[in-house]
């Protein structure tokens with residue numbers, strides 16, 4: 001049977017009767033004539049390096065032995081078909097049809113499939129609304145496909161919408177069988193669903209959320225034929241939380257077919273600041289690493305691959321919305337109104353743990369492995385250099401002096417690790433280590449916690465700079481990163497990250513020409529809403545890792561509302577203790593199953609029968625690669641200052657590309673994100689538009705700015721106070 005015939009019918013016996021002279025090729029040949037011949041004749045040698053067909057709306061068709069997922073975008077001019085075999089429940093067979101169908105061709109194709117399967121039940125259309133394929137998973141009895149069935153817009157960047165998943169559905173691929181509630185399959189499903197996909201999972205059809213704005217906007221989008229070859233920016237699989245689920249069905253996760261929809265787990269928020277009629281968007285994105293992921297007391301320190309627990313990359317993007325697109329009139333990614341700053345948090349990169357069996361709210365800390373060469377820490381910092389460049393500035397906020405030594409044990413060892421690794425680094429690339437007991441300082445009456453951290457933030461900004469988009473003119477790069485940690489990387493870390501973010505916000509607004517100096521004051525509308533965003537950011541990360549909201553907030557360290565916040569702090573401490581004592585084990589099992597750290601196999605113990613998950617996150621001693629050089633512990637290339645290729649020829653828009661595309665395929669491939677942003681096929685009122693309803697500083701405006709026209713007038717703007725006589 002031909003490949004064309006296989007996708008058209010589930011019943012091979014029907015082929016000879018009905019489709020002997022009618023196949024997929026005939027459908028394509030019968031399409032409307034190609035209107036792009038004249039346009040293609042003028043096509044320049046420049047081409048898009050990584051075009052991608054956008055799929056954002058899906059329909060599920062079912063026959064007795066196959067599923068057909070039909071995907072399209074807002075334009076609804078072109079369609080793709082994904083075929084999933086249902087005959088063997090123990091094997092997953094997914095076929096991506098490379099053909100782009102028109103509406104007419106798609107209708108003919110589905111009609112042929114329906115006619116070919118009349119004798120076995122025909123073709124049924126599911127009523128389920130589908131907005132994406134998360135991936136595939138198998139437990140013990142068959143494969144499942146996970147669909148996104150409800151989504152919500154939470155941000156927009158350069159015309160690219162970012163969505164939060166609100167609802168999903170797990171659909172069995174094989175014939176549906178009623179499960180025994182006590183069966184292993186039912187228990188695995190319950191465990192898997194303990195990962196609530198309707199909380200803190202985000203995606204975008206047209207923007208790569210796994211990479212920073214700097215990486216996304218500095219990758220040349222054009223390829224000059226014969227002079228330069230590029231494969232385009234690859235997904236950062238460290239942050240693709242459905243990596244395992246997707247890889248089960250798709251061979252190439254960097255495919256541009258449109259079926260691959262990477263999810264990040266973390267936090268996304270966006271707010272609008274209005275300044276003298278100019279709209280400034282502030283976007284906060286937190287990406288949680290899928291490596292060595294887990295619950296607070298069960299995932300501490302670093303594994304032997306160099307991945308730390310509670311590894312989160314936080315990026316703040318500040319944008320002048322005078323124009324929406326990333327592009328300028330002359331250059332792709334040439335808009336100079338986008339800025340970003342990235343910082344990092346992660347557990348102390350030593351091999352340590354805490355024994356939770358004694359039910360103590362503060363279990364003792366143990367160094368499990370004392371490595372004089374700090375091999376795991378070396379791998380971790382090499383990874384940081386590779387991701388962010390140099391310098392790497394470490395801000396360690398744990399306690400340094402304690403009556404009963406807990407955190408201070410790690411402080412001494414961490415300092416020794418940094419000192420050892422710095423021996424072999426060039427002097428100008430050495431890790432800068434700042435150790436400061438923030439908890440002790442906050443309880444002291446003679447130490448200014450906020451002032452000290454603001455001073456550090458200013459020094460860090462001078463060392464790393466920040467990113468500003470553009471081609472050559474006004475272009476800036478961020479090189480290096482601030483790595484912040486306390487013992488849990490939650491409360492103290494979030495406060496320090498907020499102050500670093502506040503410092504960066506000043507520089508970003510100054511670069512955009514919004515304020516006269518790179519400094520923003522605390523008691524201003526812009527900083528008030530920025531504080532709210534970082535508070536929500538910290539709460540979300542704390543819930544994911546620690547099981548409760550932040551215990552100590554910025555109000556704690558600014559020493560305002562201390563009496564009213566004390567009961568709340570007590571409640572959150574109790575919640576965190578309860579979560580760690582009673583629900584962390586179930587959470588860890590769910591994470592291990594979701595991420596593919598544990599895969600069910602015949603003859604092996606079930607997930608809940610494992611005494612420990614250590615071997616799921618660390619290499620087997622007999623399978624470890626040869627030992628690395630203890631002196632040359634890093635690859636010299638990772639220390640090279642990253643200068644992105646800013647060849648204008650790879651960004652300049654040729655005159656031929658400025659002419660509206662006559663070929664719908666070209667329009668969908670190259671301008672697909674714009675089709676998603678401006679849905680020209682439906683009426684949209686302002687009340688329903690995301691950017692119109694976005695949270696912003698308008699809520700801080702007083703109802704009456706002028707009390708009496710004869711009196712002196714005092715206006716409060718968003719970054720300072722003005723007194724008008």
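The values are calculated or read from the model by the stated rules, or taken from the named source; none is laboratory data. Source: prediction; values computed, not measured. Quick reminder, even Gly has a Cβ in these numbers, built from the backbone with ideal geometry, and neighbours come from all protein chains shown.
Of all residues in the range 206-223, those that are out of contact with any helix residue (DSSP H, G or I) (no Cβ under 6 Å at 6 or more places or on another chain) and either modelled with pLDDT under 95 or not in a loop (DSSP other than H, G, I, E, B) (or both) total 10.
For the range 151-165, indicate whether the set of residues that are under 28 Å from residue 205 (Cα atoms), touching a residue at least 60 places away in the same chain (Cβ under 8 Å), more than 33 Å from the chain's Cα centre (by Cα) and surrounded by fewer than 20 Cβ atoms within 10 Å (Cβ to Cβ) is non-empty. Steps first, please.
Going residue by residue through the range 151-165, those that are under 28 Å from residue 205 (Cα atoms) are 151-165.
Of the ones still in play, those that are also touching a residue at least 60 places away in the same chain (Cβ under 8 Å) are 153-162, 164-165.
Still in the list and also more than 33 Å from the chain's Cα centre (by Cα): none.
Within the range 151-165 (the criterion being under 28 Å from residue 205 (Cα atoms), touching a residue at least 60 places away in the same chain (Cβ under 8 Å), more than 33 Å from the chain's Cα centre (by Cα) and surrounded by fewer than 20 Cβ atoms within 10 Å (Cβ to Cβ)), the answer is no, since none of the residues qualifies.
No other residue among 398, 393, 418 is within 12 Å of residue 348 (Cα to Cα) and touching a helix residue (DSSP H, G or I) at 6+ places or on another chain (Cβ under 6 Å) apart from 398.
Residues that are surrounded by fewer than 14 Cβ atoms within 10 Å (Cβ to Cβ), out of contact with any helix residue (DSSP H, G or I) (no Cβ under 8 Å at 6 or more places or on another chain) and not in a helix (DSSP H, G or I) within the range 457-473 comprise just one, 473. Within the range 459-474, the residues that satisfy the criterion of being over 27 Å from the mean Cα position of the chain (by Cα) and in contact (Cβ under 8 Å) with a residue 12 or more places away in the chain are 472, 473, 474.
Scanning for something surrounded by 13 or more Cβ atoms within 10 Å (Cβ to Cβ), in contact with a helix residue (DSSP H, G or I) (Cβ under 6 Å, 6 or more places away or on another chain) and at pLDDT below 95, does the range 355-365 turn up at least one residue? Yes, some residue in the range 355-365 is surrounded by 13 or more Cβ atoms within 10 Å (Cβ to Cβ), in contact with a helix residue (DSSP H, G or I) (Cβ under 6 Å, 6 or more places away or on another chain) and at pLDDT below 95.
Does the range 491-510 contain any residue that is in contact with a strand residue (DSSP E or B) (Cβ under 6 Å, 6 or more places away or on another chain) and over 22 Å from residue 339 (Cα atoms)? Yes: one or more hits. Can you say whether residue 637 is more than 30 Å from residue 186 (Cα to Cα), at pLDDT below 85 and under 30 Å from the mean Cα position of the chain (by Cα), as far as the supplied structure shows? Considered against the rule, which asks whether it is more than 30 Å from residue 186 (Cα to Cα), at pLDDT below 85 and under 30 Å from the mean Cα position of the chain (by Cα), residue 637 comes out as no.
Restricting attention to the range 523-567 and to residues that are modelled with pLDDT of 90 or more and surrounded by fewer than 16 Cβ atoms within 10 Å (Cβ to Cβ), the residue that is nearest to residue 277 (Cα to Cα) turns out to be 528.
Do any strands (runs of 3 or more DSSP E) lying entirely in the range 34-121 carry at least 1 residues that are at pLDDT 90 or above and within 23 Å of residue 247 (Cβ to Cβ), and which ones are they?
Where strands (runs of 3 or more DSSP E) fall fully within the range 34-121 and carry at least 1 residues being at pLDDT 90 or above and within 23 Å of residue 247 (Cβ to Cβ), they are 57-62, 66-72, 80-85, 94-96.
If you go through the range 423-456 and keep only what is buried (at least 16 other Cβ atoms within 10 Å of the Cβ) and in contact with a strand residue (DSSP E or B) (Cβ under 8 Å, 6 or more places away or on another chain), you end up with 431, 432, 433, 436, 456. Checking each residue in the range 284-336 for being farther than 30 Å from residue 273 by Cβ and touching a strand residue (DSSP E or B) at 6+ places or on another chain (Cβ under 6 Å) picks out 297, 300, 301, 302, 308.
Set side by side, the residues 174, 158, 135 differ, and just one is within 23 Å of residue 247 (Cβ to Cβ) and at pLDDT below 95, which is 174. Filter the range 264-283 for residues that are out of contact with any strand residue (DSSP E or B) (no Cβ under 8 Å at 6 or more places or on another chain) and touching a residue at least 24 places away in the same chain (Cβ under 8 Å); which is nearest to residue 598 (Cα to Cα)? Only one residue fits best here, namely 275. Of the strands (runs of 3 or more DSSP E) that lie entirely inside the range 347-449, those containing 1 or more residues that are within 30 Å of the chain's Cα centre (by Cα) and farther than 27 Å from residue 464 by Cα span 352-354. Among the residues making up the range 493-522, a single one is over 22 Å from residue 477 (Cβ atoms), out of contact with any helix residue (DSSP H, G or I) (no Cβ under 6 Å at 6 or more places or on another chain) and at pLDDT 95 or above: 493.
Consider residue 490 carefully, then state whether it is more than 24 Å from residue 694 (Cα to Cα) and surrounded by fewer than 21 Cβ atoms within 10 Å (Cβ to Cβ). In short, no. Selection of the range 588-626 for residues being modelled with pLDDT of 70 or more and over 26 Å from residue 249 (Cβ atoms) yields 605, 608, 609, 610, 611, 612, 614, 615, 618, 619, 620.
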